[in-house]
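Notes follow the structure.
Each value in this text was obtained by applying a stated rule to the coordinates, not by laboratory testing. Keep in mind the model is a prediction, meaning the values are calculated, not measured. Here the Cβ positions follow ideal geometry from the backbone for every residue, glycine too, while neighbour counts run over all protein chains shown.
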Amino acid sequence: MIHKTLLTLVFALMSTFVAACGSVKTDEPMVIPATQSLPDGLLPDTLRVLAIGNSYTNDALALLPFVLRQVAPRTHVVVGILYCGGASLDTHLRLFKKNRAYNAYYKWTAGQDGWIKQTQATPLHALADEHWDWVTLQQVSAMSHDFSTISPYLQPMVNQLRARGYYGKLAWILTPAYPDGSPKLTNGTLKVDGKPVSFTSDEMYEQIASCARQVSLTGCVNRVLPCGTALQNARRTALSQYGTTGQMTHDWLHLQSGIGMFVESCAAAMALLNTTFDHCYVDTPLASYSMLSHGKQVGMTPANQDIAVGCAKSALASPFAVSY
């Protein structure tokens with residue numbers, strides 16, 4: 001009888017965390033919700049993540065340590081970002097082959113209040129710095145919609161990681177589409193088969209999501225982090241009003257400090273933990289992540305953070321399609 005009761009309780013808890021997100025209310029009173037810590041049994045003892053990318057990786061993970069600190073306080077968290085501005089997957093492959101220094105290596109370790117920056121860090125240095133549980137990859141934003149710019153370099157990049165002694169899990173960051181109004185959607189920046197194309201934001205997102213799905217089918221990665229899906233969901237909510245150029249962007253390209261970054265970091269946290277949460281309140285000051293962000297912090301109210309969590313939760317349920 002006792003065993004039966006325990007099983008019932010465990011099933012109820014698991015159902016709570018994996019249930020699909022319902023509608024998000026935007027008229028809730030402005031109160032700080034209790035941060036929801038996930039049950040220890042669902043969480044890893046350590047979560048050490050090394051992200052290999054560019055400014056879009058910075059956007060996606062700038063607030064990840066602070067989200068994880070709230071929802072998984074007993075998990076030892078380390079997040080590193082090996083950063084090369086504007087780098088494509090092809091560029092990362094060349095840097096790894098020659099063990100060339102990156103522009104920066106950003107790192108956050110449990111107990112820190114902010115990110116620390118190292119310069120002239122090589123791939124070998126970053127890989128040896130921690131016993132990484134996950135390494136993430138991404139494609140540069142202007143090519144993320146075109147699988148032909150990914151497929152020749154993905155397996156060789158994985159081979160480079162293995163050759164340097166990394167045998168952990170790999171993840172792919174599904175990056176966001178440019179927002180409607182961005183000149184890059186229509187000025188010839190985006191190409192397919194070498195020919196310029198024009199997209200709406202939704203059309204670009206659909207192509208990025210299709211590429212991410214193809215990446216997941218290659219067997220090269222263990223998981224997709226649906227950060228761009230969560231952001232595209234959020235662009236259908238009141239959160240779209242934020243950002244100097246709207247849709248949570250600072251310059252029609254990068255996310256502005258604050259709520260857009262929080263949306264993406266919540267999606268990354270849920271994917272890495274392989275579970276969802278209903279509430280997370282982060283009151284991190286801009287100074288703690290300003291080296292990874294752009295402009296003044298916007299939109300980080302408790303009500304907006306609830307909306308953001310809902311957008312991320314829906315993205316985890318439907319990683320390759322907008323569900324708002």
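Please report the relative contact order for the chain, taking Cα pairs under 8 Å with a sequence separation of at least 6, and give it as a percent rounded to a whole number.
On the way: 644 pairs, mean separation 72.1, N = 324.
Averaging sequence separation for qualifying contacts and normalising by length gives 22 percent for the chain.
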Could you run the Karplus curve 6.51 cos²θ - 1.76 cosθ + 1.60 with θ = phi - 60° over region 169-176 and give me ³J(HN,Hα) per residue in whole Hz, x for Gly and Pro?
8, 10, 10, 10, 8, 7, 7, x
Out of all DSSP beta bridges in region 45-317, what portion is antiparallel? Express it as a percent rounded to 5.
40 percent
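Compute the Cα gyration tensor for region 89-161, then decide on rounded, prolate or oblate, letting a ≥ b ≥ c be the square roots of its eigenvalues: rounded whenever a/c is under 1.5, prolate when a/b is larger than b/c in the other cases, and oblate in all that remain. Mind showing how you got there, number by number?
Working: a/c = 2.00, a/b = 1.70, b/c = 1.18.
Prolate shape, in that a/c is at least 1.5 and a/b is the bigger ratio.
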As an exercise, identify the trypsin sites (Lys or Arg not before Pro) in region 86-157 lying in DSSP coil whose Cβ has no more than 14 other Cβ atoms within 10 Å.
ARG100
Amide H proximity to THR136 below 5 Å, modelled H, separation 5+ or other chain, gives LEU50, ALA51, ILE52, ALA171
What ranking of THR275, THR249 emerges when the number of other C-beta atoms within 10 Å of each C-beta is taken as an exposure proxy, fewest first?
THR275, THR249
LYS296 versus GLN241: modelled label distance in nm, points set 7 Å from Cα along the beta carbon direction:
1.6 nm
Of the listed pairs LYS98/LYS191; LYS107/LYS169; LYS97/LYS184, those with alpha carbons more than 24 Å apart are LYS98/LYS191; LYS97/LYS184
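Would you mind ranking HIS250, HIS92, HIS76 so that the residue whose beta carbon has the fewest other beta carbons within 10 Å leads the list? Spell out each step's value before the answer.
On the way: HIS250 20, HIS92 24, HIS76 13.
Taking fewest neighbouring Cβ atoms as first place, the list is HIS76, HIS250, HIS92.
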When only alpha-carbon atoms are used, what values of Rg and Dmax, in angstrom, describe region 45-317?
17.1, 50
Would you mind checking which residues have amide H under 5 Å from TRP252's amide H? H placed 1.01 Å from N; only 5 or more apart, or other chain.
THR245
HN-Hα J in Hz across region 233-245 - Karplus 6.51, -1.76, 1.60, θ = phi - 60°, x for Gly and Pro:
4, 5, 5, 9, 10, 4, 5, 5, 6, 8, x, 4, 9
Under 18 Å from the Cα of LYS195, which aspartates and glutamates turn up, not counting those fewer than eight places away in the same chain?
ASP146, GLU203
Cut-off under 5 Å, modelled amide H: who pairs with LYS191 long-range:
VAL197
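With 10 angstrom as the radius, rank SER257, SER210 by how many other C-beta atoms surround their C-beta, starting from the fewest.
Values: SER257 25, SER210 13.
So the residues, fewest neighbours to most, are SER210, SER257.
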What nm distance separates the two modelled labels at SER210 and LYS195, each placed 7 Å from Cα along Cα→Cβ?
1.4 nm
